[in-house]
Ligand code: PMP
């Protein structure tokens, strides 16, 4: 396989863009090698600048549920484009989008559009803080909520420590208001609440985690958080940037039958264009400007192209609920194939799957939180990744990410992925 064009693009990119990429994970640091520069994609397949073809298991980190360049989305964007890509004024599409989200996501009564998942989570905690009049938030170790200062906080050594900044530039003042608990531990959250009586504004988490690899909430965990939030008047925020409209039409909240007070949404509701949203109970959302005192704004928020793409995809999903059975079954088939294969190869592994999200961890630990995720052998993952890539399978370039299956992936692709995986596993053994 020739990667010459990607290689020279990366060299040039590094001169002008920090690390040569506009988002760090794309640089392939965790797996080594040269990142591929993509030129086009259709359905299940990506094509790089050297015209190599790849089966895409990232799908733009979630949003391409229907596969790439789906005609329904493409047509909607074309129509919006000829009428100008931006007005900075209200549009009918925004109203339709808001109504659609409120009718689908169980707990959302009002919603505000923004431009990314980062903006959605930053805004949501500002609103939760303004609404409750409290400063502190609880975040789960290993969950990612974008690059807002309050979320770039490492765990320290346990649930009781104050957070320490994970990135230079995040002030100690900001970090001290983010308290960290391990995912799946209700007792850790209870302890933090006890030690910070009437000071916690919000608990925020990915209800099914994608960002330390796929990690599943244990039975009773989400409900347990709901009960604690009710008892202590804390705003429960589900960050459904990856899970909303993917795990079910109504996201993880529908799947697990637990309602959040606020929900953050992202890339999926833009069908591949830059979008985010945060929403929730009316009594909370009514604190947002211009109705209430909490300021949040955006020149391109509710952008016509993004709304057109997102609406087209969400309406398609709403009227074709069979898509969910299809992507879930495809994922299960792939995961079962991988399990058989890896067990035969004698590798230590764990696969976590919820619906069309999954991660193959190179550890035999039961991966339920960040500590257990970190027992993975990342060197083995890197070998597996490179071998898969050289065979035309595009996996997320880090052990600590989830794969996302699109509706364009069918039996032909599953067979190709499994065949490549068999070969990749042999390389690990060698
Ligand atoms: N929340 C979650 C759960 C995410 O996975 C991400 C990004 N992958 C974000 C927030 C941030 O979204 P964005 O990259 O659009 O800012």
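The values are calculated or read from the model by the stated rules, or taken from the named source; none is laboratory data. Keep in mind that what you see is a predicted model, and the values were worked out from it rather than measured. Reconstructed Cβ throughout: ideal geometry from the backbone, glycine too, with neighbour counts over all protein chains shown.
It is to be established whether one or more residues within the stretch 41-55 are in the same structural domain as residue 277 (by TED's automatic domain parsing) and in a loop (DSSP other than H, G, I, E, B).
No, the stretch 41-55 contains no residue that is in the same structural domain as residue 277 (by TED's automatic domain parsing) and in a loop (DSSP other than H, G, I, E, B).
Kindly establish whether residue 258 is at pLDDT 95 or above, within 16 Å of the ligand (Cβ to nearest atom), in contact with a helix residue (DSSP H, G or I) (Cβ under 6 Å, 6 or more places away or on another chain) and not in a helix (DSSP H, G or I).
Considered against the rule, which asks whether it is at pLDDT 95 or above, within 16 Å of the ligand (Cβ to nearest atom), in contact with a helix residue (DSSP H, G or I) (Cβ under 6 Å, 6 or more places away or on another chain) and not in a helix (DSSP H, G or I), residue 258 comes out as no.
For residue 85, all conditions in the list (1) outside any loop (DSSP other than H, G, I, E, B); (2) touching a helix residue (DSSP H, G or I) at 6+ places or on another chain (Cβ under 8 Å) hold save one; what is the number of the exception?
Every condition holds for residue 85 apart from (1).
Scan the stretch 121-156 for residues that are more than 21 Å from residue 188 (Cβ to Cβ), at pLDDT below 95, in contact with a strand residue (DSSP E or B) (Cβ under 9 Å, 6 or more places away or on another chain) and within 13 Å of the ligand (Cβ to nearest atom) and report the count.
Qualifying residue count for the region: 1.
Across the stretch 20-45, what is the total count of residues that are at pLDDT 95 or above and either within 16 Å of the ligand (Cβ to nearest atom) or out of contact with any helix residue (DSSP H, G or I) (no Cβ under 8 Å at 6 or more places or on another chain) (or both)?
Residues that pass the stated criteria total 9.
When you go through (1) farther than 30 Å from residue 323 by Cβ; (2) in the same structural domain as residue 254 (by TED's automatic domain parsing); (3) under 26 Å from the mean Cα position of the chain (by Cα) one by one for residue 35, which number turns out not to apply?
Single failed check for residue 35: (2).
Which condition does residue 268 not pass, out of (1) in contact with a helix residue (DSSP H, G or I) (Cβ under 6 Å, 6 or more places away or on another chain); (2) farther than 30 Å from residue 187 by Cα; (3) within 16 Å of the ligand (Cβ to nearest atom), if it passes all the others?
(1)
Would you tally the residues in the stretch 281-337 being over 22 Å from residue 78 (Cα atoms) and surrounded by fewer than 21 Cβ atoms within 10 Å (Cβ to Cβ)?
30
Residue-by-condition table, conditions (1) touching a strand residue (DSSP E or B) at 6+ places or on another chain (Cβ under 9 Å); (2) more than 18 Å from residue 299 (Cα to Cα):
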{"residue": "74", "(1), (2)": "no, yes"}
{"residue": "79", "(1), (2)": "no, yes"}
{"residue": "85", "(1), (2)": "no, no"}
{"residue": "88", "(1), (2)": "no, no"}
{"residue": "91", "(1), (2)": "no, no"}
{"residue": "96", "(1), (2)": "no, yes"}
{"residue": "100", "(1), (2)": "no, yes"}
{"residue": "108", "(1), (2)": "yes, yes"}
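Within the bounds of the stretch 236-249, is there any residue that is surrounded by fewer than 23 Cβ atoms within 10 Å (Cβ to Cβ), within 26 Å of residue 306 (Cβ to Cβ) and assigned by TED's automatic domain parsing to the domain that holds residue 96?
So far as the stretch 236-249 goes, yes, one or more of its residues are surrounded by fewer than 23 Cβ atoms within 10 Å (Cβ to Cβ), within 26 Å of residue 306 (Cβ to Cβ) and assigned by TED's automatic domain parsing to the domain that holds residue 96.
Could you tell me which of the residues 8, 60, 84 is on the phi > 0 side of the Ramachandran plot, surrounded by 13 or more Cβ atoms within 10 Å (Cβ to Cβ) and modelled with pLDDT of 95 or more?
Result of the check over 8, 60, 84: 60.
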